[in-house]
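The values are calculated or read from the model by the stated rules, or taken from the named source; none is laboratory data. Quick caveat, the model's predicted, so the values are computed rather than measured. Neighbour counts are summed over all protein chains in view; Cβ atoms, including those assigned to glycine, are modelled from backbone coordinates with ideal geometry. In case anyone asks, the SASA skips ligands and DNA or RNA and just uses the protein heavy atoms, side chains included. Shrake-Rupley method; radii C 1.70, N 1.55, O 1.52, S 1.80 Å.
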Amino acid sequence: STLFPYTTLFRSSNHGSITREVERLERRSLELRDKKERKLKTLEKENMDAYKGVLWLKDNRALFRKPVHNPIMLELEVKSLDCARYVESHIGKADLGGFVCEDPNDVNLLTSELREKQKLRRINVFHSSPEPPSTFRPSISGSELQKFQFLDYLSDMYEAPDAVHAYLCRQKRSEEHTSE
């Protein structure tokens, strides 16, 4: 009987913290939905064909052998707003608007469906196997770069699914080798 008031106090205090956590998670979920919706509206303005491709893919993902990622601009999460323009300017519109397929056969299927059947012309589709970001670790650390007043590696300025990250790293690596 003396324990009863403490149990009630514990339950109401525990309930209050759970309620606050649920509210915090609901706010975060709403923020993420708003962010995704803004990105989707930007894609609609920039490339209506890719936007229509996203809508088609949403209902048809089961047709593919492995994951097919939405256009890169929808998949990237830039870690800092300060880096957003830098990331966008170095990736390029063709890549930002491109879908990434983890299976090479899915590239053909998606391209055929969107370009030929749906008549969407401004569609880019790339193949990239998922590899962890650690696979692409550069030989010079980010802190070492700061000595030379470099901000950071481009690949450290965003988060993306492993296949998208791998595609971008391979793209930049091949661009470096062709410009030498």
> Are any residues in the stretch 107-123 over 17 Å from Pro67 (Cβ atoms) and without any contact (Cβ under 8 Å) to a residue 60 or more places away in the chain, and if so, which ones?
Replying inline: Ser112, Arg115, Glu116, Lys117, Lys119
> On the given criteria, is Asp162 open to solvent by less than 30 Å² (accessible area, probe 1.4 Å), touching a residue at least 12 places away in the same chain (Cβ under 8 Å) and under 23 Å from Lys36 (Cβ atoms)?
Replying inline: no
> So which helices (runs of 4 or more DSSP H) are wholly in the stretch 69-108 and hold at least 3 residues that are more than 17 Å from Pro161 (Cα to Cα) and hydrophobic (A, V, I, L, M, F, W, C)?
Replying inline: 81-91
> Tally time: how many residues in the stretch 65-103 are of a type in the set (A, V, I, L, M, F, W, C) and either open to solvent by 100 Å² or more (accessible area, probe 1.4 Å) or within 16 Å of Arg115 (Cβ to Cβ) (or both)?
Replying inline: 5
> Which of the residues that make up the stretch 137-159 are open to solvent by 40 Å² or more (accessible area, probe 1.4 Å), out of contact with any Phe, Trp or Tyr (no Cβ under 7 Å at 6 or more places or on another chain) and not acidic (Asp, Glu)?
Replying inline: Arg137, Ser139, Ile140, Ser141, Ser143, Gln146, Lys147, Phe148, Gln149, Phe150, Leu151, Tyr153
> Does Ser134 meet the test of being exposed (fewer than 14 other Cβ atoms within 10 Å of the Cβ), at pLDDT below 90 and either out of contact with any Phe, Trp or Tyr (no Cβ under 9 Å at 6 or more places or on another chain) or over 18 Å from Ser155 (Cβ atoms) (or both)?
Replying inline: yes
>> I'm checking my understanding of the structure. Among residues of the stretch 104-128 that are polar (S, T, N, Q) and open to solvent by less than 50 Å² (accessible area, probe 1.4 Å), which one is farthest from Leu154 (Cα to Cα)?
In response: Ser112
> Does any residue of the stretch 47-65 turn out to be touching a residue at least 60 places away in the same chain (Cβ under 8 Å), assigned to a helix (DSSP H, G or I), aliphatic (A, V, I, L, M) and closer than 19 Å to Ser129 by Cβ?
Replying inline: no
>> Quick test for you: out of Arg121, Arg115, pick the one residue that is in a loop (DSSP other than H, G, I, E, B) and within 18 Å of Trp56 (Cβ to Cβ).
In response: Arg121
>> Given the criteria within 19 Å of the chain's Cα centre (by Cα) and modelled with pLDDT under 80, does Arg24 qualify?
In response: no
